[in-house]
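To keep things clear, I will list the structure first and then write my remarks on it.
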Number of protein chains: 2
Amino acid sequence: MERDTTPELWIYERHKDLVALGFKVESTLFSGQSDFQNIDIVQTTGHGKMLLNDGVVMISERDEFAYHEMITHVPLLTHPDPRRVLIIGGGDGGTAREVLKHKGVQRVVMVEIDKMVVDACREYMPSVSGSLEDPRLALLFEDGVRYVKESDETFDVAIIDSTDPVGPAAPLFDTAFYARTAARLSERGVMITQSESPFYDPEIQRSMFANQRPHFRKLHMYLFSTLTYPGGLWSFGFATKGPCPLRDFNNDRFAAAGIETRYYNPQLHRAAFALPTFVFEQLADLLDSPPFGD
Amino acid sequence: MERDTTPELWIYERHKDLVALGFKVESTLFSGQSDFQNIDIVQTTGHGKMLLNDGVVMISERDEFAYHEMITHVPLLTHPDPRRVLIIGGGDGGTAREVLKHKGVQRVVMVEIDKMVVDACREYMPSVSGSLEDPRLALLFEDGVRYVKESDETFDVAIIDSTDPVGPAAPLFDTAFYARTAARLSERGVMITQSESPFYDPEIQRSMFANQRPHFRKLHMYLFSTLTYPGGLWSFGFATKGPCPLRDFNNDRFAAAGIETRYYNPQLHRAAFALPTFVFEQLADLLDSPPFGD
């Protein structure tokens, strides 16, 4: 028996001076420089294929279901009748895949600034990008900030599936963008935002929610777990003109939807809004307490 | 201005071929070889002081509150009248600190096999170990397996605050140990076990719960988030002879206890038992569904 002397290759993503996350890599499947960022897709040993933008992990095949189920089913099963959905970002296609599982959804507009992300995921991650051919989906390669400024279309749910507030996604965290997104929402509209790590990025969270505050009736935040972002615990903002994620949700909605999930379920929908004490305290002046009814 | 040319030192903990977690280190405060394991305490840049056994991170000052609040307050605010508490392991003292916040607790027996862990934490992590002088605490340096075999004392709550099932902690995952611990519990007793990562270690979880199953009326599992264990999402087993963590808990218990927490709160107590679908499915034949009442 020969000993395998191939050196191991690990990629590491460092988050400030705080933490580094490493994954063992078998091979690089795609590497490209778009107008906006570096894009890599690698085959990992433990997490399937993995997408990185500018060296920061976006998704892995192993755990993307948690992120994509939670960013979509929570708003779509809260809003009483979501027919038109706007996705800003989400180039890998996972958010669109989950949104399109809802039979009542008639039209999805997905606005992704970077076509290279979509093309790479279409080629190398079909389990994530496979729903991008759905006839209900309009896929626009343009700046989401410009889109919400210039479009006159109205949506029931807007999902801001962005990267971190550096590089191409930075303007997606501005109050002007949130104001224009709110203006694109119908009367009972809901906006979901990728809202970073409660452990490591409370300052970004505070800035985001302060920028959203003037444009919505209530702001909540909910949590889920990821394997590929530093700290593991991650958050989405739930900004609403009306529907309440606890009062306007019931288990029958999920049963009637007939959607298969691996992470999301009705108990978890509610539980996700229960925040650790330090998380709520960091944001207490910016978030509304969800009505747990006890 | 001079440029700092000191090289950066990062320590990395690898979990199989799956993932590596790295932390930036300023200095090593303690390094010792006990009869059972290597013990290090390091000063990190982003997580305060950190304890490692055999190179595996045990706790950091930055996030230990999440682990220690969740392993203690969930059972102690579920059991109707917890007076006597057994802790197996828990050498850093954090679990004892939280248990002793409960005024109704009259006696705590803490059985730690490795005195060097306790001594190092007493010297370098007083914010964690500071309650070990409490007169209600009996601290025994001996094998927890032998203790539950030979003791005839009875406890309301047993907390198995162990490391992973390798090295000195391995026998703490055996069915014989669980049987003897159950025998040490009072009529309505509850046993809590550190039960590993739902993402990365479902096989260990299945073995643990199968080994506990014959000795308890119901088995549940609950989740919390940590910064220092691979995957971020972590779990505790809740094995009970009677009390139900949802039905026998109410918000008044927490208010009456007058305990200050940074992670635990009544909403989170309930929410922690809501498992992602894939987590429950991995263990569906071994765990009881908690009664969410909806």
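What follows is calculated from the coordinates using simple rules that are stated; it is not laboratory data. A quick note: this is a predicted structure, and the numbers were derived from the prediction, not measured. All Cβ positions, glycine included, derive from the backbone under ideal geometry; neighbour counts span all protein chains shown.
Key figures for this structure:
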read-out	value
³J(HN,Hα), Karplus 6.51/-1.76/1.60, whole Hz, each residue of the range B:20-35, x for Gly, Pro	10, 10, x, 9, 7, 10, 8, 6, 9, 8, 8, 8, x, 10, 8, 5
Farthest positive-ward along the range B:6-85 dipole, Cα basis, beta-carbon charges - from B:W10, B:F65, B:S34	B:F65
Most to least packed among B:40-50, B:99-109 [average Cβ atoms within 10 Å]	B:40-50, B:99-109
5 angstrom amide H check on A:D17, placed H, neighbours 5+ away	none
Number of partner chain Cβ atoms within 10 Å, mean per residue of B:257-269	3
Student exercise, chain A dipole from Lys, Arg, Asp, Glu Cβ charges, in Debye to nearest 20	980 debye
Estimated vicinal HN-Hα couplings, Hz - the range B:194-209 in sequence order (Karplus 6.51, -1.76, 1.60; Gly, Pro = x)	5, 10, 6, 8, x, 6, 9, 10, x, 5, 5, 4, 4, 4, 4, 6
At 0.890 mPa s and 25 °C, Stokes D of the range B:111-238 from Kirkwood alpha-carbon radius, µm² per second	155 µm²/s
Where N is the number of residues in the range A:9-58, Cα Rg divided by 2.2 N^0.38 Å	1.13
Listed pairs B:K24/B:K49; A:K49/A:K101; A:K115/A:K149 exceeding 18 Å between Cα atoms	A:K49/A:K101; A:K115/A:K149
Rg and Dmax [Cα atoms of the range A:151-221; Å; Rg one decimal, Dmax integer]	12.0, 38
Isotropically averaged projected area of chain A, using the convex hull of Cα atoms (one quarter of hull area), nm²	16.6 nm²
Amide H contacts under 5 Å for B:G46, placed H, 5+ residues apart	B:K24
Cα radius of gyration and Dmax for the protein assembly as shown (Å)	24.5, 76
Efficiency of FRET between B:F141 and B:S289 - r from beta-carbon atoms, R0 35 angstrom, step 0.05	0.30
Exam field: A:D174 pseudo-label spacings to other copies (7 Å along Cα-Cβ), nanometres	6.6
Net charge contributed by nearby residues that have their C-beta within less than 14 Å of B:G94 (K/R +1, D/E -1)	-3
Selection of chymotrypsin sites (Phe, Trp or Tyr not before Pro), the range A:112-205, meeting DSSP coil and at most 15 other Cβ within 10 Å	A:F141
Environment charge at A:L29 (Cβ cut-off 11 Å; Lys +1, Arg +1, Asp -1, Glu -1)	-2
Local electrostatic count, A:H68, Cβ distance below 14 Å [Lys/Arg +1, Asp/Glu -1]	-4
Integer Hz, Karplus 6.51/-1.76/1.60 couplings in order for the range B:83-93, x for Gly and Pro	10, 10, 10, 9, 10, 9, x, x, x, 5, x
Ordering of B:131-138, A:222-229, A:27-34 by packing [mean C-beta count within 10 Å, highest first]	A:222-229, B:131-138, A:27-34
Candidates per trypsin sites (Lys or Arg not before Pro) in the range A:228-293, loop by DSSP, up to 15 other Cβ within 10 Å	A:R247, A:R262
Part-to-part distance (alpha-carbon centres) for the range B:12-47 and the range B:79-97, which is given in Å	25 Å
For the range A:153-294, with +1 on Lys and Arg beta carbons and -1 on Asp and Glu, the positive-most of A:F216, A:P198, A:G237 along the dipole	A:F216
Order by protection proxy (mean Cβ within 10 Å, highest first), peptides B:19-25, A:9-15	B:19-25, A:9-15
